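Below is one structure, written out as C-alpha cells, with a few remarks after it.
What follows is calculated from the coordinates using simple rules that are stated; it is not laboratory data. Treat the numbers as computed from the prediction; the structure is a model and nothing was measured. Cβ: placed from backbone, ideal geometry, glycine included. Neighbour counts: every protein chain shown.
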C-alpha cells in the first residue's frame, strides 16, 4: 500500500505547466495568468477631485479668486490655474495644472464676483494623486494567480485588453463498462446509468480544465484502444478494471512502451488506482463506483490540473484555496467517529454553523457507495491512518466540497 | 439615511422568481432547479454484488453446488439459481433470481466438480439491494437547490436527461460617463478606463445571472435613454450620477410613470444608490467608483439574482452560501479597527489561517477607492453601525470574497 500523498507525488511528478494563449479581457475570469500582467498606465491617470468644489492654489492665501473655468469628468480644464484663479471642479474631474488644493463651494465668500476663501478651509486632502491606486508597469496580477472578478476590474482599470494565460488542460474522460447506459436511453436489465462523467466534467470545468467526455465504451480492448487517439493532456478512465479483468484498460492501450500500474492506495473510499502513460500523456484509472471516483478525482485530478495550469497557490485567496480543496479547514465533530486502520479515511459530512463555530455532522462511514449521501454532504472530514476514535467536539480537518 | 437591510428589502420586494426552461443534463451545473427533480428508476436498479464470488441460496446449507453460469456487470445470468446451484459473480454483477447470499471463491471446496461451502462463510452482506441509494420517484434535487457537480452524477444515476431550471436572469450593465474609455482604446487626457463592468459581469455570471454589458454611454439623456430598450430583468447603471447632475439617468429614462429615487444608504464604502423601475424592470444606479460599485453589487445585486432564481438558501450547502455572500463567517482580527459612526462599514481584509483559526488582517479603512486593495482582499469584515472600536483578537463577521 502507498499513502495518498505518495500517490499524489507520483502522479504530479509526470506533469508540468502547459502552453499559453493570449485571451481577450472579457474571457480572463478564472484563468491562470501565465506571466505577470502589468498596468499600461497609472490609476488614476491624473490627480482627480474626490469632492465637488473649486480647484485653486494654496499659496494665494485669502486673496479673491477669479473663476477661470470648470473641470468635470471627461472634460478637463484646458489651461493652467494662475495666481488668484480658481476652477469649478466636480468629483472625478482632473485637478488642473497649477492647482494644488480644493475648497468647498459652500465655504466661498463673494468678493465682487470673485471668490474669497478662509485659508483654513483650503485642503489638499481632497485630491487623489495620479497612480495612487497603482503605477504604470506595476504588476496587477502575478504569474500563477487565478484571475478573480475583482481582478477583472483591476486589469481593465490598468488598460489591459488582452493577457497571456495557460490554456485549459484537456482532460479526456472515458466510461468503460458493458453495464452502462446513458441517461435518457433505455436501460436494459442488469444495466445502470453512467453517472460519474457528468459530475467529473463539471468538477474539471470548475478547476479550470477543459473536460472532454468520450462517453461509454464497451469492455473490449478494441473499443478502449480508441482512447489512444484522445487529444488531451490527461486521460481518465472510469471503471473497466473492476470487471475481474483488472488490466483490460492496460491491455487495450498496451504498446511496447506502455505499462499500466495498479496502486493499492491507503485510503477510503477507494479501490486500486491505475496509472500509466500514453507517450507523454498520463492515464489515470479511477474506480467504477461514482461516489468513490468523485472523491478520487478531488484527491488526484484537482491537483493535476493545478500543476498543468501553473497555479501558484500562495497567490490565491484563502477562499479560492478552500474551494479548490488544496487547503483544509477545521470544524468540530457533532458525533463520534471510529478509529481508522492503515487507510486515510474521507468521511462525508454536513457542515453547520452553531455558536459562531463550524461543526461537521458526519454521515455513517458505511454509506460510501451512496451518491445521494455524497450529494448531501458539504465536506470530506479527513481522518489520518491509525487515528484513535474521534469524540464529539473534537477538532477535525475537512476539505470543503463547495461548488464541486 | 436608510440601513443596508432596508435598502435590500426595498430592492428585493420588487423582484420575483422568473420563468423556467428545460435544459439537457450536461448544462445543469450551477443552475437552480425550478421543481423537484425526481429519479426515474431505483439506484441500484437491481441487487448487485459488492465482491467477487458465487451467488447462491443460504437455505442449501453445506450441500455441493453446481455452477450454473456467471453474472458480470452488464451481462446478468438469465435464469434462476435453483436448489444446490451457484452462479459465478463479479463485483457489480446483478444477483440472479433465486440467490440470496454470496460466498468467496477462495472459501470453495471442490466436491467432484461441484463446490461445497461452510455455511459460516456464506454471507448476505455483500449484496447492495435495489434502491439502496435511492428509489424511483424520490427527489434527487429539490426545487430551489443550486445544482452541484455531485448532483450532476446523482441526476445521471437517476436517469434524468433533462430538467426544468430557472432561466438565467438577464442583467443589463451600462457604464455612464464622458470620462470613460474602453481598455485597449486610446485614453485621452482626463479619461479613465471603464472597469466596473468587467468585474460585475464576472460576478453576475458566478451568481447565476446572464450579464449583458452595454458598454460605455456618454453623459447625455439621449444616449442613456437607449437603456429603455434593454431586454433584461434588471438594469444596472454605473456612474452617471456623480457628475453633479445627480438625476441625469432618471431624466433620461423619465416617462410619465418613471421615477428614480436616490437613497442615502448608511454604509461605507458607498454613495447614494439610485433606484427606479422601467415598467416592471428595476433599475439600480451604482456609484461610478469601481471598488464601491463592486461592494454594492455584492450587497444588492447578488441577493436580487437569488430571488429571481428562486434559490432556497436552506437547501444550499454551507460553502455555497458562503460563496454567494448570503452567510457570513467569523474570524479574529489581526489588528484593531476604529469605532464606526451611523454607517455599516465593510472593511476589506486578508484572511490567514493560524493555529487552526481564521484571522482577518484588515486593510486601512481609507483605501476605499483602491481597486488594487479590493483585488488583494479575501473578505469584507462587517462592522455594524455605532460599533465600539474593535481590538486585536476580537471575533468579527465577514463576507468571503471567494471567486468574486
(request) Could you tell me how many degrees, from 0 to 90 and to the nearest 10, lie between the Cα long axis of helix B:196-207 and the main elongation axis, the longest principal axis, of the Cα atoms of chain B? (result) 30
(request) Evaluate the relative contact order of the stretch A:48-128 (contact order divided by residue number), counting alpha-carbon pairs under 8 angstrom at least 6 apart; express in whole percent. (result) 40
(request) Quick one, can you get me the convex hull of the C-alpha atoms of chain B expressed as volume per residue in Å³? (result) 194
(message) For a quick check, take a GNM of chain B with Cα springs below 10 Å and name the residue from B:158, B:190, B:285 with the largest mean-square fluctuation.
(response) B:190
(request) Rank B:196, B:345, B:29 by mean-square fluctuation in a GNM of chain B with C-alpha springs under 10 angstrom and give only the top-ranked residue. (result) B:29
(message) Please compute, for peptide B:24-32, the average count of beta-carbon atoms on other protein chains lying within 10 Å of each residue's beta-carbon.
(response) 3
(request) Counting helices only, and only those DSSP H runs with n ≥ 4, report the 222 nm mean residue ellipticity of chain B as the sum of -39,500 (n - 2.57) divided by its residues, in deg cm²/dmol to the nearest 500. (result) -4500 deg cm²/dmol
(message) So if I take the alpha carbon set of the stretch B:174-235, get Rg, then get Rh from the Kirkwood formula, what is the Rg over Rh ratio?
(response) 1.00
(message) I'd like the antiparallel share, as a percent to the nearest 5, of DSSP beta bridges with both residues in the stretch A:2-95.
(response) 55
(message) Rg over Rh of the protein assembly as shown, using C-alpha atoms and the Kirkwood radius, what does it come to?
(response) 1.07
(request) Determine the equivalent ellipsoid of the stretch A:48-128 by diagonalising the alpha-carbon gyration tensor, then write out the semi-axes as square roots of 5 times the eigenvalues, largest first, rounded to whole Å. (result) 18, 13, 11
(message) Could you compute how fast the stretch B:128-244 diffuses translationally, taking Rh as the Kirkwood radius over C-alpha pairs and applying Stokes-Einstein at 25 °C with viscosity 0.890 mPa s? Give it in µm² per second.
(response) 138
(message) Just to confirm my numbers, what's the Cα centroid distance between the stretch A:12-59 and the stretch B:151-204 in Å?
(response) 18
(request) Return the average number of partner chain Cβ atoms within 10 angstrom of each residue Cβ along peptide B:73-82. (result) 4
(message) Just to verify a number: FRET efficiency for residue A:118 and residue A:161, C-beta to C-beta distance, R0 = 60 Å, to 0.05?
(response) 0.80
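For the stretch A:327-400, what is the per residue volume of the convex hull drawn over the alpha-carbon atoms, in cubic angstrom?
82
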(request) Output the relative contact order of chain B, whole-number percent, from Cα pairs under 8 angstrom with separation of 6+ residues. (result) 16
(request) Considering only DSSP beta bridges where both residues belong to the stretch A:48-128, give the percentage that are antiparallel (nearest 5). (result) 75
(request) May I ask you to work out the translational diffusion coefficient for the stretch A:259-305 at 4 °C, viscosity 1.567 mPa s, via Stokes-Einstein with Rh from the Kirkwood sum over Cα pairs, reported in whole µm²/s? (result) 117
(message) As I understand it, the value is the acute angle between the Cα axis of helix B:4-13 and the longest principal axis of the Cα atoms of chain B; what does it come to in degrees, rounded to 10?
(response) 70
(request) Indicate, rounded to the nearest 5 percent, the antiparallel portion of the DSSP beta bridges found entirely in the protein assembly as shown. (result) 65
(request) From other protein chains only, count the Cβ atoms within 10 Å of every residue's Cβ in A:294-302, then give the mean. (result) 1
(request) Choose one answer from A:139, A:176, A:90: the residue with the largest mean-square fluctuation in a GNM of chain A with alpha-carbon springs under 10 Å. (result) A:90
(message) Averaging over every viewing direction, what projected area does the convex hull of the Cα atoms of the stretch A:1-82 cover, in nm²?
(response) 12.0
(message) To make sure I understand, if each residue's beta carbon is the centre and we count other beta carbons within 10 Å, what order do B:298, B:2, A:89, B:305 fall in, fewest to most?
(response) B:2, B:298, B:305, A:89
